[in-house]
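Have a look at the structure below before the remarks.
The values are calculated or read from the model by the stated rules, or taken from the named source; none is laboratory data. All figures in this text were calculated on a predicted structure; none of them were measured in a lab. Don't worry about glycine lacking a Cβ; one is built from the backbone with ideal geometry, like all the others, and counts go over all protein chains shown.
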Amino acid sequence: MKKIITTIIFTLTIVLGNARVFTLCEGNYGTPNASLWSINQNFDGVTGPIYWNENTNPLGDTGQSMTVVNDEKLYIVMNNSHSIEVLNLDGYAQSFLTSIPLPSAGPRYLIANGNTGYVSCWNLSAILVLDLAQNTVTDTIAVGGMPEMMVMHGGKIYTSIAMNSDWSSSDRVISIDVSTKAVVDTFTVVSGPAALLLQNNALFVASTYYDDIWNTYAGNSKIDLSTGIVSTFDAGMTFDFGLDLLEFNNQVYRIYNGGIAPLSEDLSIDVAQQIGNFSGLYSASSDGNNLYFGLTDYVAPDDLIVTDLEGNQLAQYNVGALPGSFAFAPASSVSIDDTQIPKAVSILSNYPNPFNPATTIRFSVETQEIISLHIYDISGKLVETLFVDAQFNNGNHAVQWNGNDVSSGIYFAILKNSEHIWTKKMTLMK
């Protein structure tokens with residue numbers, strides 16, 4: 001009887017943790033106490049301040065906003081430090097990449113299209129064009145006022161002009177042709193436009209403005225990008241409206257009266273559907289699954305509260321001063337194609353499996369290799385490092401891992417050299 005050999009080809013993706021939620025705490029203007037914090041969607045704790053330490057390595061003065069680009073990098077816009085700080089999100093944890101100086105620019109927000117970035121800058125009354133591959137400024141687009149938020153749609157950049165260049169109130173949203181870098185349309189909206197939200201082919205605008213004695217007024221606008229028709233709702237003098245717009249369940253919400261509430265068809269607030277009632281609500285955002293609320297009394301520590309979409313509280317964390325913006329990054333993952341893994345190194349097995357509390361991980365080395373071995377839980381959290389950059393000669397090797405200090409569950413032994421990763425799934429049963 002002829003022996004039949006079957007080759008099984010598979011691709012395995014190990015997800016190293018859930019999606020990451022970043023919170024940028026603005027800090028107090030004129031003080032370099034901005035800070036960055038992170039949680040994962042297990043809500044099992046908060047990490048921060050990340051990388052930057054206020055006393056030895058400050059992030060800077062006034063953390064304005066964040067943007068995740070190509071799921072690989074986090075760009076942090078520092079308004080009063082006039083820079084953009086860049087984090088690498090690829091791998092097991094984020095790491096600092098570089099700082100992009102923008103001297104005296106007063107940067108506010110960044111959007112990106114591939115390797116081209118656009119940064120709204122109040123002090124320049126312009127939008128800077130960045131080469132994100134080289135981290136350099138390549139062009140300047142004058143906009144005749146102080147540009148705030150931006151969205152990109154149909155080959156155009158739409159930006160709210162929060163104020164005119166002389167600091168007087170503006171009532172404009174403009175569009176810029178990406179290819180020509182020229183302003184092509186101007187839309188008149190409620191005075192003081194700031195936050196923008198694109199839903200389908202409509203652009204929603206949240207406005208806040210002031211009179212001569214600093215009474216606060218608010219309103220909402222909607223631009224139909226197909227027809228150019230603008231609808232507006234001016235709420236008049238009020239302290240109930242916050243700045244942020246967010247979207248979930250196909251509805252547009254705005255911060256209102258200590259919570260968030262959806263916009264009605266006429267752009268007024270549907271108070272009957274308000275979610276949340278928080279003292280000191282400063283910011284709000286959604287990833288489509290949960291809601292994130294930043295609360296402040298303007299002195300650290302402040303609070304970050306996470307709820308589900310109905311407003312049921314899931315977690316609460318202490319963070320830095322003025323948690324003002326949020327960014328959502330996908331989980332890190334490693335894809336392993338069995339047809340491409342070199343056989344110079346391989347994990348053979350672990351025994352026993354399931355185990356309690358210890359197991360022996362066996363691996364094989366065909367040539368001399370420098371390798372590391374880590375243990376991760378199913379959420380992607382690093383549990384233990386067994387060795388780092390250790391040199392092994394050819395042959396079979398074994399190392400024991402004792403899971404006495406962790407709970408029952410699925411764990412992954414991750415063996416790697418400078419180019420490749422090998423993995424073994426293990427089950428601890430107590």
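Note on the range 190-205: among residues that are touching a Ser or Thr at 6+ places or on another chain (Cβ under 8 Å) and either surrounded by fewer than 15 Cβ atoms within 10 Å (Cβ to Cβ) or assigned to a strand (DSSP E or B) (or both), the one that is modelled with the lowest pLDDT is Asn201.
Inside the range 397-410, can you point out the residues that are at pLDDT below 85 and either in a strand (DSSP E or B) or outside the structural domain of Thr360 (by TED's automatic domain parsing) (or both)?
Gly409, Ile410
List the residue pairs whose Cβ atoms are under 6 Å apart, where the first residue sits in the range 33-45 and is farther than 12 Å from Met66 by Cβ, the second is part of a loop (DSSP other than H, G, I, E, B) and of a type in the set (Asp, Glu), and the two are 6 or more positions apart or on different chains. Pairs found: Asn33/Glu54.
With respect to Leu267, is the statement that it is crowded, with 17+ Cβ neighbours inside 10 Å, farther than 28 Å from Phe22 by Cα and touching a Gly at 6+ places or on another chain (Cβ under 9 Å) true? Lay out the reasoning, then the answer.
Numbers: crowded, with 17+ Cβ neighbours inside 10 Å: yes; farther than 28 Å from Phe22 by Cα: yes; touching a Gly at 6+ places or on another chain (Cβ under 9 Å): yes.
Against the criterion (crowded, with 17+ Cβ neighbours inside 10 Å, farther than 28 Å from Phe22 by Cα and touching a Gly at 6+ places or on another chain (Cβ under 9 Å)), Leu267 qualifies.
Is it the case that Val399 is more than 21 Å from Asn40 (Cβ to Cβ), hydrophobic (A, V, I, L, M, F, W, C) and loosely packed, with under 13 Cβ neighbours inside 10 Å?
Numbers: more than 21 Å from Asn40 (Cβ to Cβ): yes; hydrophobic (A, V, I, L, M, F, W, C): yes; loosely packed, with under 13 Cβ neighbours inside 10 Å: no.
Taking the combined requirement at face value, the residue does not satisfy it.
Working carefully through the options Ser264, Ser279, find the one that is of a type in the set (Ser, Thr, Tyr), closer than 24 Å to Ser65 by Cα and free of Cβ contacts under 8 Å to residues at least 24 places away in the same chain.
Details: Ser264 fails: closer than 24 Å to Ser65 by Cα.
The unique qualifying residue is Ser279.
The strands (runs of 3 or more DSSP E) located wholly in the range 322-362 that include 2 or more residues which are of a type outside the set (Val, Ile, Thr), surrounded by 13 or more Cβ atoms within 10 Å (Cβ to Cβ) and modelled with pLDDT of 90 or more occupy 323-329. Residues of the range 375-396 that are assigned to a strand (DSSP E or B), under 14 Å from Thr423 (Cβ atoms) and not aliphatic (A, V, I, L, M): Tyr376, Asp377.
I need the full set of residues from the range 273-297 which are closer than 24 Å to Met78 by Cβ and modelled with pLDDT under 95, in order please. Selection gives Asp287 alone.
Does Tyr217 satisfy the criteria of being in the same structural domain as Val189 (by TED's automatic domain parsing), part of a strand (DSSP E or B) and either without any contact (Cβ under 8 Å) to a residue 24 or more places away in the chain or buried (at least 21 other Cβ atoms within 10 Å of the Cβ) (or both)? Criteria not met by Tyr217. The number of residues in the range 164-181 that are in contact (Cβ under 8 Å) with a residue 40 or more places away in the chain and closer than 17 Å to Tyr210 by Cβ comes to 1.
The set of residues in the range 62-120 that are among the basic types (Lys, Arg) and surrounded by fewer than 23 Cβ atoms within 10 Å (Cβ to Cβ) contains only Lys73.
Can you name the residue in the range 375-407 that is among the small types (Gly, Ala, Ser) and free of Cβ contacts under 8 Å to residues at least 24 places away in the same chain and, of all such residues, is farthest from Tyr351 (Cα to Cα)? Full working, then the answer.
If we filter the range 375-407 for residues that are among the small types (Gly, Ala, Ser), which is where we start, we get 379-380, 390, 395, 398, 403, 407.
This time we only want the ones that are free of Cβ contacts under 8 Å to residues at least 24 places away in the same chain, so: 390, 407.
Values: Ala390: 22, Ser407: 18 Å.
Within the range 375-407, the match that is farthest from Tyr351 (Cα to Cα) is Ala390.
The number of residues in the range 149-189 that are exposed (fewer than 15 other Cβ atoms within 10 Å of the Cβ) and closer than 18 Å to Asp244 by Cα comes to 0. Could you grab the pairs with beta carbons closer than 9 Å, sequence gap of 6+ or different chains, first residue in the range 115-137 and assigned by TED's automatic domain parsing to the domain that holds Leu87, second one of a type in the set (Asp, Glu) and surrounded by 20 or more Cβ atoms within 10 Å (Cβ to Cβ)? Pairs found: Ser120/Glu148; Trp122/Glu148.
Tell me, which strands (runs of 3 or more DSSP E) lie completely within the range 1-67 with 2 or more residues that are modelled with pLDDT of 90 or more and under 30 Å from Val151 (Cβ atoms)? Let's see the steps before the verdict.
On the way: elements: 11-16, 20-25, 35-40.
In the range 1-67, 20-25, 35-40 are the strands (runs of 3 or more DSSP E) which contain 2 or more residues that are modelled with pLDDT of 90 or more and under 30 Å from Val151 (Cβ atoms).
Can you pull out every residue in the range 272-289 that is polar (S, T, N, Q) and crowded, with 18+ Cβ neighbours inside 10 Å?
Kept after step one, since they are polar (S, T, N, Q), are these residues of the range 272-289: 273-274, 277, 279, 283, 285-286, 289.
Once the filter is applied, which keeps residues that are polar (S, T, N, Q) and crowded, with 18+ Cβ neighbours inside 10 Å, the range 272-289 yields Ser283, Ser285, Ser286.
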